[in-house]
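Novice: My questions all concern the structure below.
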Amino acid sequence: MNYTFPAIMGIINVTPDSFSDGGLYNEQQSAIAHACRLIEQGADIIDIGGESTRPGADIISIEEEINRTIPVIQGLRKIHPEITISIDTIKPEVAESAINAGAHIINDISGLDNGPELAIIAAKYDVPLIIMHRKGISATMQQNPTYDDIVEEVKVHLMERCALAKEHGAEKLIIDVGIGFGKTIEHNWELLRSLQEFHEIGYPMLLGISRKSFIGASLDIASPAERDIPTHLLHALLLNKHCSIIRVHDVAMAQMTRTLYARLNN
């Protein structure tokens with residue numbers, strides 16, 4: 001999969017309770033229609049998730065998550081057979097069902113916390129696996145997260161999980177420092193200041209900052225939907241950190257950022 005730098009991953013939350021757009025696209029046809037809009041706006045990858053990962057989110061059953069995501073993958077695949085689809089899940093059963101339905105990437109926000117099964121599935125189907133750092137679980141991760149050295153601890157954790165994935169045959173790995181997942185506002189800023197250090201791990205990097213609460217807290221913007229402009233201002237400031245993929249809600253603005261970057265650097 002070769003994309004213009006950086007590749008743009010558009011977010012589709014097929015959930016009633018995601019922090020930014022919960023309930024907007026939790027009906028199959030509206031989710032597919034929104035994904036089609038994101039593709040028209042320039043998305044290279046569509047990331048489809050059926051379980052909210054916001055702090056305090058409820059865990060749903062495997063069956064429910066499959067019922068939310070698989071019809072959307074199948075429907076989108078019929079309309080856009082060329083688009084790369086990512087399944088955002090921590091459940092092996094959901095990941096395998098999604099790949100069989102037409103997904104090409106597994107996006108594991110747990111970072112293999114639950115064992116190597118997702119790496120085994122990625123190896124079986126020869127698909128990329130995104131390994132994200134998350135301290136704790138979604139329900140409790142923001143309850144006073146502490147680190148002695150945030151950058152070093154996240155780096156070591158990702159290196160260990162990448163090694164685990166490789167032990168089980170997964171070779172196409174992508175890392176994600178997990179902005180907002182078990183981190184304070186200052187932890188997030190420190191990770192962003194130090195993104196270049198994570199290239200030492202040796203894998204492409206995904207950056208997920210879109211509409212997140214640290215941006216809102218830093219700029220006093222309460223509504224997630226009103227954080228798109230600062231999200232992409234920050235993306236522009238971070239392009240020299242060379243993240244391979246940016247995961248966003250507002251694809252049109254990400255595409256403008258990428259176009260201007262390309263013109264400036266041609």
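Novice: Within region 244-254, count every residue that is crowded, with 19+ Cβ neighbours inside 10 Å and touching a strand residue (DSSP E or B) at 6+ places or on another chain (Cβ under 8 Å).
Specialist: Going through region 244-254 one residue at a time, the tally reaches 7.
Novice: Moving to a separate point now. Please verify whether Ala217 is within 20 Å of Gly42 (Cα to Cα) and of a type in the set (A, V, I, L, M), treating the condition exactly as stated.
Specialist: For Ala217, the condition - within 20 Å of Gly42 (Cα to Cα) and of a type in the set (A, V, I, L, M) - is not met.
Novice: What's the number of the condition Asn188 fails, among (1) under 22 Å from Asp250 (Cβ atoms); (2) touching a Lys or Arg at 6+ places or on another chain (Cβ under 6 Å); (3) polar (S, T, N, Q)?
Specialist: Among (1) under 22 Å from Asp250 (Cβ atoms); (2) touching a Lys or Arg at 6+ places or on another chain (Cβ under 6 Å); (3) polar (S, T, N, Q), the lone unmet condition for Asn188 is (2).
Novice: Could I ask something else about it? Scan region 191-201 for residues that are touching a Leu at 6+ places or on another chain (Cβ under 9 Å) and of a type outside the set (A, V, I, L, M) and jot them down.
Specialist: If the condition is that a residue be touching a Leu at 6+ places or on another chain (Cβ under 9 Å) and of a type outside the set (A, V, I, L, M), then Phe198 is the only one that fits.
Novice: If you don't mind, another one. Would you mind stating whether Ser52 is surrounded by fewer than 23 Cβ atoms within 10 Å (Cβ to Cβ), touching a residue at least 40 places away in the same chain (Cβ under 8 Å), small (Gly, Ala, Ser) and in a loop (DSSP other than H, G, I, E, B)?
Specialist: In short, yes.
Novice: Let me ask something additional. Exactly one of (1) aliphatic (A, V, I, L, M); (2) under 30 Å from Asp126 (Cβ atoms); (3) touching a Lys or Arg at 6+ places or on another chain (Cβ under 6 Å) is unmet by Ile215. Its number?
Specialist: (2)
Novice: Could you pull out the residue among Ile209, Ile215 that is free of Cβ contacts under 8 Å to residues at least 60 places away in the same chain, under 15 Å from the mean Cα position of the chain (by Cα) and crowded, with 22+ Cβ neighbours inside 10 Å?
Specialist: Within the list Ile209, Ile215, the selection yields Ile209.
Novice: Okay, next question. Filter region 61-79 for residues that are buried (at least 18 other Cβ atoms within 10 Å of the Cβ) and over 14 Å from Ile11 (Cβ atoms) and give the result.
Specialist: Scanning region 61-79 gives Glu65, Ile66, Arg68, Ile70, Ile73, Gly75.
Quick note: the coordinates plus some simple rules give every number you see, no bench work behind them. The shown structure was predicted, so the numbers you read here are calculated from the model rather than taken from an experiment. All Cβ positions, even for glycine, are placed from backbone atoms using ideal geometry, and neighbour counts span all protein chains on display.
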